[in-house]
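To start, the structure under review is shown below, and the notes come after it.
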Amino acid sequence: MPLIVPDQGELELLDKMLKDALSTNENYILKLYKNDYTPATATAPGSFTEADFTAYAARTLTRANWNAAVTVSNKAESSYGTSAQSWTCGASGNTVYGYWVEGASSAKVLWGERFSTSRVLASGDILNITPKFTLASEN
């Protein structure tokens, strides 16, 4: 499934990129969701049911750890860090349908992505995600 930037995320990201990136250093929070939901333009934090498998915790994505943007197939792309964000399921699991990223202080959904196939996590299973953001003009 494609990554979706909801309306509120478009506004928030555009403000951060063009207006207040130098004055606002809000980190991002990466969260997994367990409800059967497909992100859309009207997506808000309440649209998701956060995963709660044993040993799950949301991950803070600090702005300083985003890699410099590069051009890939005529699109600007930036990925997070040098390794994937990883979760190891403890005793009780979840079915995870995707992830979303929200502002740490704004609590607005900046983007979300539903996996092409849900991931059923049981004890000892590992889920890895490398956050990546791609921008391109529409035409």
Selected residue (criterion: modelled with the highest pLDDT) from residues of region 29-74 that are assigned to a strand (DSSP E or B) and over 19 Å from Phe115 (Cβ atoms): Thr60
If you check every pair at least six apart or on different chains, which have Cβ atoms under 6 Å apart with a residue in region 116-129 that is within 12 Å of Ala51 (Cα to Cα) first and a residue that is polar (S, T, N, Q) second? Val120/Thr95; Leu121/Asn94
Those residues of region 78-89 which are open to solvent by 40 Å² or more (accessible area, probe 1.4 Å), more than 16 Å from Ala58 (Cβ to Cβ) and either of a type outside the set (Val, Ile, Thr) or at pLDDT below 90 (or both), in sequence order: Ser83
Top-ranked residue of region 90-107 - restricted to ones that are in contact with a strand residue (DSSP E or B) (Cβ under 6 Å, 6 or more places away or on another chain) and surrounded by fewer than 19 Cβ atoms within 10 Å (Cβ to Cβ), ranked as farthest from Leu61 (Cα to Cα): Thr95
When you check Ala107 against the structure, is it farther than 21 Å from Lys132 by Cβ and either outside any loop (DSSP other than H, G, I, E, B) or within 14 Å of the chain's Cα centre (by Cα) (or both), yes or no? yes
Ser118 being modelled with pLDDT under 95, part of a strand (DSSP E or B) and either within 14 Å of the chain's Cα centre (by Cα) or over 25 Å from Leu11 (Cβ atoms) (or both): no
Taking region 90-104 and the residues there that are in contact (Cβ under 8 Å) with a residue 40 or more places away in the chain and assigned to a loop (DSSP other than H, G, I, E, B), the one that is farthest from Pro45 (Cα to Cα) would be Gly93
Restricting attention to region 28-71, which residues are over 15 Å from the mean Cα position of the chain (by Cα) and hydrophobic (A, V, I, L, M, F, W, C)? Ala42, Phe53, Ala55, Ala64, Ala68, Ala69, Val70
Within region 21-61, residues polar (S, T, N, Q), within 15 Å of Gly103 (Cβ to Cβ) and surrounded by 13 or more Cβ atoms within 10 Å (Cβ to Cβ) come out as Thr24, Asn25, Asn27, Thr43
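The values are calculated or read from the model by the stated rules, or taken from the named source; none is laboratory data. A quick note: this is a predicted structure, and the numbers were derived from the prediction, not measured. A quick note on method: Cβ atoms are made from the backbone with ideal geometry, for glycine too, and the neighbour counts reach across all protein chains shown. Ligands, DNA and RNA are stripped out before the accessible areas are found, and what is left, the full protein with its side chains, is counted by its heavy atoms. Shrake-Rupley method; radii C 1.70, N 1.55, O 1.52, S 1.80 Å.
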